[in-house]
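Beneath this line is the structure, given in structure tokens, with notes to follow.
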Amino acid sequence: MNKSKIKTILIALLLACTANSAWALDVVEGVYQIGSTQDWTEFCNIHNGSTGQTFAIRPHRI
């Protein structure tokens, strides 16, 4: 393989990985799973617009 094809494949893989992290915020048993700063922002928007309690867990440091 030449360098151009390898570079194209690596860029495609990088974009695929990035696209997977753009999914919606996960909820497990009523608890939001915070795994990224995007998840945190989305959770804050949900929490600030909620009239009840919202719970979240941050399994990994972000």
- Task: Identify all residues within region 5-30 that are assigned to a loop (DSSP other than H, G, I, E, B) and at pLDDT below 65; write none if there are none.
- Result: 21, 22, 23
- Do you know which residues across region 32-46 are in contact with a strand residue (DSSP E or B) (Cβ under 8 Å, 6 or more places away or on another chain) and assigned to a helix (DSSP H, G or I)? 39, 43, 46
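Return the residue satisfying two criteria in turn: it lies in region 47-62 and is within 15 Å of the chain's Cα centre (by Cα) and surrounded by 12 or more Cβ atoms within 10 Å (Cβ to Cβ), and of such residues it is modelled with the highest pLDDT.
By that ranking, first place goes to 56.
The values are calculated or read from the model by the stated rules, or taken from the named source; none is laboratory data. These numbers come from a predicted model, not from an experiment. No Cβ is skipped: glycine too gets one built from the backbone with ideal geometry, and neighbour counts run over all protein chains shown.
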